[in-house]
1. Which one is modelled with the lowest pLDDT among residues in segment 96-117 that are charged (D, E, K, R) and in a strand (DSSP E or B)?
2. Can you pull out every residue in segment 99-120 that is loosely packed, with under 13 Cβ neighbours inside 10 Å and not charged (D, E, K, R)?
3. What are the residue pairs meeting all of these: first residue in segment 133-160, first residue closer than 15 Å to residue 115 by Cα, second residue modelled with pLDDT of 90 or more and assigned to a loop (DSSP other than H, G, I, E, B), Cβ atoms under 7 Å, and 6 or more apart or on different chains?
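The values are calculated or read from the model by the stated rules, or taken from the named source; none is laboratory data. All of these numbers come straight from a predicted model, not from anything done at the bench. All Cβ positions, glycine included, derive from the backbone under ideal geometry; neighbour counts span all protein chains shown.
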Amino acid sequence: KTTIGQEEIFLKITGNLYSPQVKMYSSSGEFTPEDIVKLFIGAGDTSTTSMTERIQSQTRQLLQKYIESNLGKLAERTLGLDEVKITTYGDNNNIFKPQELTLTLGKSVTRKLYLRYTQTIAEDPRQQIELSYKISKNLYIGFQQDVEGNYKLKLDLKWEY
């Protein structure tokens, strides 16, 4: 989901990595997929170079989000994990050339015990380990070793309103 002007634009990708199905629509429904593509590439600017750069940038961002999402889901199914999250950081925020990349893996060890491991891949690599125990539906207690090696006690209360 993104917002262009006052319009919310949605991009829904279904299918698999080999045959993705792409659907674009707007919150008001008054924009066709062609109109949405024109909004993305900034069709108001007639400079061919500028339009090419915008198309490349938007395509790279869409492909990056698709890869992050599907790679995580594929790893979850293949490795039998409950959580696989890939996050990129840095000025370019690009999965293809990240300045820093964080990989988080999580697994329910038992019905009430969850283990999460986070590894930051960068010039200064860091790792973090967290073990949380579900006391009740909305209350969790956890122990965490942060990137500096310090131990923390966490208490998470999920409040429904």
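1. Taking segment 96-117 as the starting set, the residues that turn out to be charged (D, E, K, R) are 97, 100, 107, 111-112, 116.
Restricting the remaining residues to those that are in a strand (DSSP E or B) gives 100, 107, 116.
Working: 100: 73, 107: 93, 116: 93.
Going through the qualifying residues, I end up with 100.
2. Those that are loosely packed, with under 13 Cβ neighbours inside 10 Å and not charged (D, E, K, R): 109, 110, 113.
3. What qualifies is 133/112; 134/112.
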